Structures are given as structure tokens and as C-alpha cells.
Amino acid sequence: MNRLTVAGLGPGSPEYITPAAVRAIAESDIVVGGTRNLAAIDSMPGLDLSGIERYDLTGRLDETREFILAYLDKKRITVVASGDPGFYGILGYIRRFLDADQINVIPGISSVQYMFAKLGMPWESARFGSFHGRDMNPGEIVSGGCTAFLTDKREGVASFASRLCSLGLGRRRMYAGCMLSYPEEEIHSGMVEDFTDMDIDTGLCVVVVADE
């Protein structure tokens with residue numbers, strides 16, 4: 001059986017996609033990914049996608065597993081994912097049905113990594129969380145040190161800030177980055193309480209609550 005390649009596409013802009021990921025896609029027979037990620041590879045300069053089959057996994061993870069297992073020994077398959085596939089990404093799901101030696105992971109630049117770079121902040125001691133497709137108690141993480149969260153349409157920046165205010169954390173310094181790496185990129189700064197009435201949600205944002 002071939003090894004499944006899982007490639008990170010970075011935060012969104014084509015200039016942050018690594019040459020290794022581009023090469024893996026170019027050498028694939030099949031590229032698997034969500035609708036947005038499959039659309040993103042169209043904007044990769046110099047990448048010839050003719051002859052490469054695409055499989056959209058949006059809303060059908062179980063079917064995707066069966067598809068990969070059925071074709072992996074016959075085709076070269078690359079799964080593409082936004083950011084880094086190992087950071088709250090699809091790699092965790094793939095490891096449920098493939099062992100580590102059956103997977104070739106090409107890391108990508110995560111939106112969190114990008115956000116810390118834009119802020120000029122070190123992040124080796126930061127703590128992390130994600131509301132993307134999951135529930136969690138932010139107070140358990142924010143209570144100590146610098147933290148970063150991924151938001152989604154269900155738990156946006158304003159509602160996240162409101163939850164922190166209810167925990168007495170309204171005077172902590174907070175940053176929110178939306179549409180990171182795209183031309184529409186916006187990074188907002190203020191105290192947590194300043195964000196409770198901000199209408200800046202774009203679906204997926206990175207929030208950093210600093211230890212300041």
C-alpha cells in the first residue's frame with residue numbers, strides 16, 4: 001500500500017504554501033480536501049492540475065475514510081488541509097484508521113503561528129485551544145499565561161470575549177486576527193472587554209490573550 005500524504009496549505013495565501021506541499025500535490029493522482037482547500041490549490045502558480053482527480057470530503061468524513069482505504073494501494077493520494085494538519089486538523093482523524101508509518105505528513109504554517117509572527121510575540125510558552133467543531137471552557141486555559149484560540153462561526157470573537165468577561169478576565173490584553181494572510185487581513189487589539197461588541201467575525205479567526 002502507498003503511504004498517504006497529508007499536506008498543510010498554510011493560513012490561506014498561496015505564498016505561504018511550502019514547495020514540499022506543492023510538489024506533493026503535483027505528483028498526486030488524487031487530491032482530497034474540503035471545498036475551500038480544493039479551491040485554494042487552483043491559485044497555486046505553476047501547478048498543473050490537469051489529470052489530477054479531486055475528492056471533496058466536506059460533510060462526509062466516513063465516506064472519505066472508505067475512499068482512501070479503497071484506493072491507497074492503487075493511487076497516490078494527498079489530503080490537503082488548511083494550516084498545519086497536526087494542529088487541530090485532519091491528521092488526528094486519519095490516525096484513527098492509518099498507522100504513522102502509513103502516512104507522510106508535510107507540515108504547514110498554522111494560522112496561530114502566523115498570528116504570533118504578525119504580533120512579533122514569542123509563542124513557545126503559549127497555551128492553545130480551539131472552538132472549531134468542539135466545546136471547551138476557555139477559563140481553564142486563559143487563567144494562566146499567554147493563550148491562543150481558534151474561533152468559528154458558532155463561537156466567534158465577541159462571544160468568546162463575553163465568556164472571558166464573565167470569568168473576570170475583561171481587563172486582559174487581547175488580539176484578534178481575521179482573514180489572516182489574505183488581502184482582507186485585519187488584526188485588532190484591545191482589552192478583552194473591548195471585543196464584546198465588535199462585529200469582526202469572518203468565520204475563522206485567531207484570538208490571542210496575552211499575559212500582559
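Values for this structure:
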read-out: Strands (runs of 3 or more DSSP E) within segment 125-212 that include 2 or more residues farther than 24 Å from G83 by Cα and either in contact with a Cys (Cβ under 8 Å, 6 or more places away or on another chain) or modelled with pLDDT of 85 or more (or both); value: 186-191
read-out: Subset tally (residues that are touching a Lys or Arg at 6+ places or on another chain (Cβ under 9 Å) and at pLDDT 95 or above) for segment 81-92; value: 0
read-out: Number of the condition not met by G8 [criteria: (1) under 13 Å from the mean Cα position of the chain (by Cα); (2) surrounded by fewer than 19 Cβ atoms within 10 Å (Cβ to Cβ); (3) modelled with pLDDT of 95 or more]; value: (2)
read-out: Qualifying residue in segment 68-80 (condition: open to solvent by less than 70 Å² (accessible area, probe 1.4 Å), modelled with pLDDT under 95 and assigned to a loop (DSSP other than H, G, I, E, B)); value: no
read-out: Any hit, segment 84-91, residues being in a helix (DSSP H, G or I) and at negative phi; value: yes
read-out: Of residues in segment 156-176 being touching a His at 6+ places or on another chain (Cβ under 9 Å) and open to solvent by less than 20 Å² (accessible area, probe 1.4 Å), the one nearest to N137 (Cα to Cα); value: V157
read-out: Residue list for segment 93-112, filter: farther than 11 Å from T5 by Cβ and either outside any loop (DSSP other than H, G, I, E, B) or of a type in the set (K, R) (or both); value: Y93, R95, R96, A100, D101, S111, V112
read-out: Number of the exception - D84 against (1) out of contact with any Phe, Trp or Tyr (no Cβ under 9 Å at 6 or more places or on another chain); (2) farther than 19 Å from L180 by Cβ; (3) surrounded by 12 or more Cβ atoms within 10 Å (Cβ to Cβ); (4) not polar (S, T, N, Q); value: (2)
read-out: Count of residues meeting criterion [of a type outside the set (A, V, I, L, M, F, W, C) and in contact with a Phe, Trp or Tyr (Cβ under 6 Å, 6 or more places away or on another chain)] in segment 87-116; value: 1
read-out: Residue among L57, L47 that is touching a Gly at 6+ places or on another chain (Cβ under 7 Å), surrounded by 15 or more Cβ atoms within 10 Å (Cβ to Cβ) and without any contact (Cβ under 8 Å) to a residue 40 or more places away in the chain; value: L57
read-out: Test: residue in segment 111-118 that is farther than 18 Å from D84 by Cβ, free of Cβ contacts under 8 Å to residues at least 40 places away in the same chain and either out of contact with any strand residue (DSSP E or B) (no Cβ under 9 Å at 6 or more places or on another chain) or not charged (D, E, K, R) (or both); value: no
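The values are calculated or read from the model by the stated rules, or taken from the named source; none is laboratory data. This one's a predicted model, so the numbers in the text were calculated from it and none came from an experiment. Note that each Cβ is placed from the backbone with ideal geometry, even for glycine, and that neighbours are counted across all protein chains shown. Just the protein is used for accessible areas: all its heavy atoms, side chains included, with ligands, DNA and RNA removed. Shrake-Rupley method; radii C 1.70, N 1.55, O 1.52, S 1.80 Å.
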